[in-house]
Structure formats: C-alpha cells, structure tokens
1. Relative contact order, percent, of the chain when contacts are C-alpha pairs under 8 Å separated by at least 6 residues?
2. Taking a ≥ b ≥ c as the square roots of the Cα gyration tensor eigenvalues, with a/c under 1.5 meaning rounded and otherwise prolate when a/b beats b/c, else oblate, which class fits region 252-399?
3. Within 10 Å, count the other beta carbons around each residue, average over each peptide in 190-203, 316-329, and list them highest first.
4. For region 337-402, state which trypsin sites (Lys or Arg not before Pro) are in a DSSP loop and have at most 12 other beta carbons lying within 10 Å of their beta carbon.
5. Scan region 340-395 for GluC sites (Glu not before Pro) in coil per DSSP, keeping those whose Cβ has at most 15 other Cβ atoms within 10 Å, and list them by number.
6. Quick check: with the 1.4 Å probe, what order do GLU227, GLU336 take by accessible area, largest first?
7. Explain nothing, just the number: relative contact order of region 186-300, from Cα pairs under 8 Å at least 6 residues apart, as a whole percent.
8. With all protein chains present, how much of the accessible area of the chain (probe radius 1.4 Å) comes from carbon and sulfur, to the nearest whole percent?
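The values are calculated or read from the model by the stated rules, or taken from the named source; none is laboratory data. This structure is a prediction, so every number in the text was calculated from the model and none was measured. So basically every Cβ, Gly included, is an ideal-geometry build from the backbone, and we count neighbours across all protein chains shown. All accessible areas refer to the heavy atoms of the entire protein, side chains included, with ligands and DNA or RNA removed. Shrake-Rupley method; radii C 1.70, N 1.55, O 1.52, S 1.80 Å.
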Amino acid sequence: MGAVRGTRTGVAILGSTGSLGRQALEVCEWFADTHRPVALAAGGNIRLLHDQIRRWKPEVVAVYRRSAARQLRQWLHAEGSTVKVLEGGEGLVEVARWENAEVVLVLVSGLAALAPLVAALRTGKKVGVGNKEALVAGGPALRQLLKTAPGALVPVDGEHSAIFQCLMGRRHEVDHVVLTASGGPFRDWDVGQLQRATPEEALAHPNWNMGPKISVDAATLMNKGLEIIEAMQLFDLRLDQVRVVVHRESVVHALVGLRDGTYLAQLGLPDMRVPLAYALTHPQRRELPIGRLRLEELGRLSFEPPDPDRFPCLQLARRAAELGGSAPAVLCGADEVAVRAFLDGRISFLAIARIISRVLEEHVIMKHPTLDQVAEHYRWAMHRAEQLVKEGDEEVRPCRPC
Ligand code: MG
C-alpha cells in the first residue's frame, strides 16, 4: 500500500450507486494501492453518492437527475467540498471522458448508458462494460464501433468476461460459444405457478446478488436472451454461434467451442467482483480475497436445455436478433417498461413476455439505424409498452388471490 497519489490508475465508475457500482468500489478498496476512483456517476441516489464522495474524494461526479444534482451541490457547498458536480446525460458523458481516468467502468443500466459508452469507446481508454441494454440496443452501428474502438474493451457481465478470457488470442479458432443460465428462481415452476409469481419471488435469485431489473430478467430468462445478443455484439458472432444451456450451480460461467471440437470453459464461484477486478487489472490478474471453488464439495455440475414454453422471452430475444437492425432496441425498451410494470404490481409475470412480443410484432424494422435512431426506437418501444400496460386487458393483469 502507500503508493504515491497520481501513480495509481484513475478509474471512472458510471453507475457507482447501483449493485455493480458498489461492488466495483469494494474492489477499489482491495486495490487501493494501485487504483483510485477519480470520477463517479449516479442516477439519483445522492445519499449514497454523498457517502462515496466522502470516502473516495473523486475529482468529479455526475448525477443524471438534475434536481438531485442541485441538492447534492448544496450539501457539498455547505461542507466546503470542491468536488465538481455535473448533471444530466451530458454529465455522464463528461465523466466517461474524464481525463484522469484511464479505465472507465460503464455500469449504468438501461439506455442511459449508450451515450457515455460510445464516448468512452472513442477516447481510446480501457472500457469495462457491465451494461447490457446499450450493447444490445446499439445494433449494427455500435457493433461497428466495438470492432474499431481504439482502446481495450473488457466485458464485465460474468458470462462475457468468461468468453473474453477463454478467447484470448483464439478469436479465429472459434466455432461457437455457450452461455450458461442458472435458470433463475422459477426454473422448476410450471406455467400455473408462473402466472401467479410475485415480484418478491422474482427478486429472490438463488445464485447471484443483483439489482431488481436484472433479477426479473433472470427470472424470465430475458437476461440470457439479451446476453445472446450481447455476445454477438461483443465478439462479432452470428446468432447460430451463441448457444444457451441451463446450469443450476452457476460455476461454469461460459464455454467456448473451438473449430477442432475442443471446449474451453471458465469456472469460479458466482461473484461479480471477480469480472469487475479483471476489468480493472486486465491483462494481469491479482490475488482477490474471495472464496475458492472446491469441486469436491459441489459433487456434481448439471446441464440441461432451457424450456422455451415456460420462458418465451428467450425466444423473443432470438427473434429480435434474427430481425436485427432496430429490433433489439425495441426488445430492450419494451422489456424495461414491462419489468417495471410487473415490479409495480400492474401486470402479471407472464404478461412481461406478451407485452414485449406485441411491441416487437408492431415494430417496423429499420435495418441500419444510427445510434440516435436506436435511441428513438428504444423510446418508442417504451411508450408503446406503457400503452399496453395501461390498456391492461385480461391477458396482462396480475392474478389476484381468489
Ligand atoms: Mg450475466
């Protein structure tokens, strides 16, 4: 410890108050001798951001919600703090480009990550990306940018970090990749049970500790569907090169199938701090104070195919990937609203897929949308999904206890 300030790697964390962001700061505690968070950005949780500012003394912070940014400025002013407080989407972009940050972690969820992700990719800095929606919705324009970005791009999503690690130096030998899915909390439920599933039950994920949106996505398997498209985007793969297998133990994070029939897999205990740490230290690894995998204690690892009838979201994502262009953006936008409506008790669990399916059917695909157009399609899908939730026909209403 005790390295001279300024010789440490500057880190920008977008989404520092979210589940991934808080874990990233935990990793920064472990790496306090080598890494220093210099820029933080949050949506609107300024109480936690305020604590983080006191702990880390960053040079700059950004708050997406403008009223919250104003409130934070008042608190900091009253304390005589000089930290710069930016606001809105442009504030997040400025944090993504912050000069003293050599590594940028984009951990914001939803479409709000798209502009800062694009900005960070263009700087040539190392970018760790833990957002799914922007990668998926970004479509062909973002895929092109990912291929030509001047800096290193390190995925933070567990499965994609695993593929990234297996692929090192082997990009041209890949036949396909296999994403593992825990199956979520409802993996053994029948359709009748799924119809009555509550938000509390959906949030109780058996293996991973995650935010509410992604937890519901894990329960519908939309999370895995988005990860299929995410893998296509990150590793420049076709849809038929990305397979999914249900693996309850969440120990094998992904496999890469090579041309000659060889499989490489990455294994470890399910802990998001591992891929976060790897994004910070890549291409090196550091010792981490976490539990170690003991296969002899696990006894066995299981693998089974996902059930498309009970989990139609996986098929919807494949359909959106097939359609391409603006379809993945529409998939994400509709999912965001449908998941929120389910969490608010406005629609049933199974209605999430019905709403997304209807929005996707109505959408007229644009084959090569620009990044701005992608955002428009995303917002159209959110709006259309919201209308369908409000119409609230029998198909989507939550099941009341009889
Ligand atoms: Mg994942």
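1. Working: 770 pairs, mean separation 59.3, N = 402.
Computed over the chain, the figure is 15 percent.
2. Numbers: a/c = 2.08, a/b = 1.73, b/c = 1.20.
Cα axes put region 252-399 in the prolate bin.
3. Working: 190-203: 14.6, 316-329: 22.9.
With the highest mean Cβ count within 10 Å placed first, the list reads 316-329, 190-203.
4. Details: sites: ARG340, ARG346, ARG354, ARG358, LYS367, ARG379, ARG384, LYS390; in loops: ARG346, LYS367.
Listed in order of number, the matching sites are LYS367.
5. Values: sites: GLU361, GLU362, GLU376, GLU386, GLU391, GLU394, GLU395; in loops: GLU394, GLU395.
When the GluC sites (Glu not before Pro) of region 340-395 are filtered for loop state and at most 15 Cβ neighbours within 10 Å, GLU394, GLU395 remain.
6. Details: GLU227 0, GLU336 45 Å².
These residues rank, largest area first, as GLU336, GLU227.
7. Numbers: 71 pairs, mean separation 16.2, N = 115.
After rounding, I find 14 percent.
8. Numbers: 8780 of 17620 Å².
Of the solvent-accessible surface of the chain, carbon and sulfur hold 50 percent.
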